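Here the structure comes first, spelled out in structure tokens, and everything after it is commentary.
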Amino acid sequence: MTKVLEIHGIKKHFGGIRAVDGVSFDVNKGEILGLIGPNGCGKSTLFNAVLGQLEPTAGRVMLDGHDITGMRPARLSRLGVSRTFQLLQVFPEMSVRENLILAGQEHRGTMVSRLFGPRDAGLGEAADRMIAFFKMSHLAGEKAGGLSYGQQKLLDAAMAFMAGPRLVLLDEPAGGVNLTMLGALKERLRAINSELGATFVVIEHNMEFVMSLCQRVVVMAEGRVLAIGTPAEIRANPAVIDAYLGH
Ligand code: ADP
Ligand code: MG
């Protein structure tokens, strides 16, 4: 199996807080990997330390065998690596299509885009493809701020996929989303995975969502990896049940 991303012994300490304390795992090409664990166990900080938002205290990150430790997000975007944040990053005054084009520009490193607004530059086609994938054709011209929260979360995920998409890290894409939107999100992520061959890592609290979407799941607790396995293995793991699922 080809590894896209290798995380080796990543630590991120904030003074005395060991938010991430020696995390290692691989992400295989084409897989959907789940990342779960109690609130505050270091999931978002791990994403930040892996994708250049934060300098790791220790450890290395490899992308396709190349060391990308500490590489800035803008450079990673140009390599087709992107992410979403726990909080929405959409531009409320712009249309769905404009948001996608802007995201594409940002991934390409066009820093003026936020100042001058979206300019198509060939990204319109990519945006339309993403709109089709996310089944948002009827919303393409709507202002993002006028969409429901669930639709905005879908748009936010679609924006991350405008980078390539080689590898996308999703931080709670289903957080605060209702059951219908949850199903829609799952179905669209599956389509992107199978039809575009996109690899992604998903942080999510909804167990049913994670267990039905992901091929493998990494469980974190207190800044460390507690278990890695298939959903069936994770469900049956006594340490996981004790530390997390049992609560
Ligand atoms: P999760 O995403 O799993 O809920 P986080 O990665 O957000 O957890 O947080 C892990 C721990 O690191 C928490 O104790 C949090 O308070 C702490 N932490 C996160 N970011 C910072 C920061 N910038 N400064 C200090 N502590 C932080
Ligand atoms: Mg988090």
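Just the residues that are open to solvent by less than 10 Å² (accessible area, probe 1.4 Å) and over 23 Å from Glu208 (Cβ atoms), please, taken from the stretch 162-175. First the steps, then the outcome.
Residues of the stretch 162-175 open to solvent by less than 10 Å² (accessible area, probe 1.4 Å): 167-171, 173-174.
Scanning the stretch 162-175 gives a single hit, Leu167.
Sort out which residues of the stretch 60-79 are outside any helix (DSSP H, G or I) and aliphatic (A, V, I, L, M), and write them in order of number.
Val61, Met62, Leu63, Ile68, Met71, Leu79
Checking the stated criteria, Thr45 turns out not to satisfy the condition of being in a loop (DSSP other than H, G, I, E, B) and modelled with pLDDT of 95 or more. Close Cβ contacts (under 7 Å, 6 or more residues apart or on different chains) running from residues in the stretch 219-244 that are without any contact (Cβ under 8 Å) to a residue 60 or more places away in the chain and over 20 Å from Asp26 (Cβ atoms) to residues that are away from ligand 2 (no atom under 16 Å from the Cβ) and not in a helix (DSSP H, G or I) comprise Ala239/Leu226; Ala239/Ala227.
Residue count for the stretch 64-87 satisfying the condition of being closer than 28 Å to Lys143 by Cα, more than 16 Å from ligand 1 (Cβ to nearest atom) and hydrophobic (A, V, I, L, M, F, W, C): 2.
The rows are residues; the columns are (1) under 17 Å from Gly229 (Cβ atoms); (2) assigned to a strand (DSSP E or B); (3) near ligand 1 (Cβ under 9 Å from one of its atoms).
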site	(1), (2), (3)
Met1	yes, no, no
Lys12	no, yes, yes
Arg18	no, yes, yes
Val27	yes, yes, no
Leu35	yes, yes, yes
Gly40	no, no, yes
Pro56	no, no, no
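Within the stretch 13-58, the set of residues being open to solvent by 30 Å² or more (accessible area, probe 1.4 Å), in contact (Cβ under 8 Å) with a residue 24 or more places away in the chain and closer than 21 Å to Pro73 by Cα comprises His13, Ser24, Lys29, Ser44, Asn48, Leu54, Thr57, Ala58. Any idea which residue in the stretch 122-169 is nearest to Leu87 (Cα to Cα), counting only those that are in a helix (DSSP H, G or I), polar (S, T, N, Q) and under 21 Å from the mean Cα position of the chain (by Cα)? For the stretch 122-169, the residue satisfying everything is Gln152. Within the stretch 199-213, restricting attention to residues that are open to solvent by 40 Å² or more (accessible area, probe 1.4 Å) and part of a loop (DSSP other than H, G, I, E, B), which residue is nearest to ligand 2 (Cβ to nearest atom)? Top of the filtered list is His205.
The values are calculated or read from the model by the stated rules, or taken from the named source; none is laboratory data. A quick note: this is a predicted structure, and the numbers were derived from the prediction, not measured. Note: ideal-geometry Cβ built from the backbone for every residue, glycine included; neighbour counts use all protein chains shown. Ligands, DNA and RNA are excluded from the accessible area calculation, which covers all protein heavy atoms including side chains. Shrake-Rupley method; radii C 1.70, N 1.55, O 1.52, S 1.80 Å.
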